[in-house]
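We did not get these values from a lab; they are worked out from the coordinates using the rules stated. Nothing here was measured: the structure is a model prediction, and the numbers come from that model. With ideal geometry, Cβ positions are generated from the backbone for all residues, glycine too; neighbour counts draw on all protein chains shown.
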Amino acid sequence: LTAEERGPHAYEECGFNIKASNKISLDRAIPDIRHPNCASKKYVRDLPDVSLVIPFHNEGWTTLLRTVHSVLNRSPEQLIHEIILVDDFSDRSHLGKDLEDYVAKLSPKVRVVRTKQREGLIRTRLLGAQVAKGQVLIFLDSHCEANVNWLPPLLEPIALNKKTIVCPNIDVIDKDDFHYETQAGDAMRGAFDWEMYYKRIPIPDEIKNPDPSDPFESPVMAGGLFAVDREYFEELGGYDPGLDIWGGEQYELSFKVWQCGGRMVDAPCSRVGHVYRKFVPYKVPAGVNLGK
């Protein structure tokens with residue numbers, strides 16, 4: 001990258017270095033950093049098919065499409081019922097007809113639906129869930145990359161018990177140069193403090209699995225990336241549509257799952273990379289973006 005491509009202007013559009021992203025292939029290889037035991041695991045044959053819901057607002061072209069490409073490239077084809085890109089009233093020209101034309105050529109399984117006004121993340125996700133037809137909903141952010149064989153370990157706990165929400169292990173795609181690496185601490189459970197800030201804490205020794213690659217229960221999820229049976233999501237009431245922007249929805253859903261006979265697990269063999277922004281590049285209503 002040149003000095004200009006590393007400068008502050010590269011971050012203005014998306015909150016991460018979109019110029020670095022634009023230099024990288026949509027079909028790039030990423031390191032397989034799963035636990036060694038994952039490569040030899042066998043999964044049940046009869047796994048449910050999925051509708052992936054990917055909400056976005058003024059997302060970068062390459063980060064959005066690399067998310068889609070990674071899912072198509074690294075998923076068993078028969079498990080992908082559809083990929084739904086849900087546009088929350090973007091006003092950038094490349095996300096209009098250009099995007100629709102591109103995905104139409106890419107795969108018949110990919111489509112774009114749009115909100116009629118700015119709705120915020122939660123109602124945008126709900127729109128995607130309402131039009132989805134797959135047995136399982138998978139919610140992803142619009143700047144992710146699915147890793148090797150990510151889908152079967154994400155689906156098997158649901159195939160065995162439909163009242164299970166499953167989260168992948170979230171890796172880090174660097175916001176500056178887009179190199180891919182694991183998070184510090186790797187497999188840890190979700191939690192929160194008394195100010196409701198999301199935390200990652202070590203798994204207590206008394207409940208650690210003998211095999212660290214096996215799924216483990218977690219009190220709450222990070223919120224952005226997870227799989228849930230579509231009918232069970234509806235049974236839980238989905239999200240509260242009064243939530244305008246991200247920040248508290250993961251607690252609402254996590255609490256409902258544990259209080260309504262369900263369980264929440266993390267699947268270490270399912271890994272998905274995520275770009276953590278330097279800042280939020282779009283305007284939000286005052287006081288609703290908790291950022292926790």
Dipole check, the range 12-161, charges on Cβ (K,R +1; D,E -1), about Cα centroid: among LEU160, PRO31, VAL50 the Cα furthest to the positive pole belongs to LEU160
Neighbour-count ranking for LYS199, LYS162, LYS19 (other C-beta within 10 angstrom, fewest to most) reads LYS199, LYS162, LYS19
Among VAL272, ASN147, GLN78, the residue whose Cα sits farthest towards the positive end of the charge dipole of the chain (+1 at Cβ of Lys and Arg, -1 at Cβ of Asp and Glu, taken about the Cα centre) is GLN78
Taking a ≥ b ≥ c as the square roots of the Cα gyration tensor eigenvalues, with a/c under 1.5 meaning rounded and otherwise prolate when a/b beats b/c or oblate if not, the range 17-103 comes out oblate
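Checking the a/c ratio against 1.5 first, then a/b against b/c, what shape does the Cα gyration tensor give for the range 1-160? Numbers along the way, then the final one.
On the way: a/c = 2.13, a/b = 1.28, b/c = 1.67.
Oblate, since a/c reaches 1.5 and b/c is not below a/b.
Please work out whether the chain counts as rounded, prolate or oblate from its C-alpha gyration tensor, where a ≥ b ≥ c are the square roots of the eigenvalues and a/c under 1.5 means rounded, while otherwise a/b larger than b/c means prolate and anything else oblate? Could the numbers behind the result be given before it?
Values: a/c = 1.31, a/b = 1.26, b/c = 1.04.
Note, shape of the chain comes out rounded.
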Computed about the Cα centre, the charge dipole of the chain from +1 Lys/Arg and -1 Asp/Glu charges at the Cβ has a magnitude in debye, to the nearest 20, of 340 debye
Cys residues of the chain with no disulfide-compatible partner (no other Cys Cβ under 4.7 Å) are CYS14, CYS144, CYS167, CYS260
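Within 10 Å of each residue's Cβ, count the other Cβ atoms and sort ASP266, ASP177, ASP211 from fewest upward.
Working: ASP266 24, ASP177 14, ASP211 11.
Listed from fewest to most nearby Cβ atoms, that is ASP211, ASP177, ASP266.
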Expressed in angstrom and rounded, the centroid-to-centroid distance over alpha carbons for the range 127-169 and the range 210-276 is 10 Å
If amide H atoms are modeled at 1.01 Å from N in the peptide plane, then the residues at a separation of 5 or more from ASP171, or on another chain, having amide H under 5 Å from its own are VAL272, GLY273, HIS274
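For the pairs LYS109/LYS162; LYS97/LYS199; LYS175/LYS199; LYS162/LYS208, flag any whose C-alpha to C-alpha distance is greater than 30 Å.
LYS97/LYS199
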Of all DSSP beta bridges having both residues in the chain, the percent classed as antiparallel (nearest 5) is 40 percent
So, with points 7 Å from each Cα along the Cβ direction, the ASN37-VAL280 label distance in nm works out to 3.9 nm
Label model pair ARG263, GLN78: point-to-point distance (7 angstrom along the Cα→beta-carbon line) in nm is 2.7 nm
Put in order of increasing Cβ neighbours within 10 Å, starting from the fewest, ASP101, ASP141 give ASP101, ASP141
If unit charges are put on Cβ atoms (+1 for Lys and Arg, -1 for Asp and Glu) and the dipole of the range 139-257 is taken about its Cα centre, the option from HIS179, PHE216, GLY248 lying farthest towards the positive end turns out to be PHE216
Residues whose built amide H sits under 5 Å from the amide H of PHE226, excluding neighbours closer than 5 in sequence, are PHE139
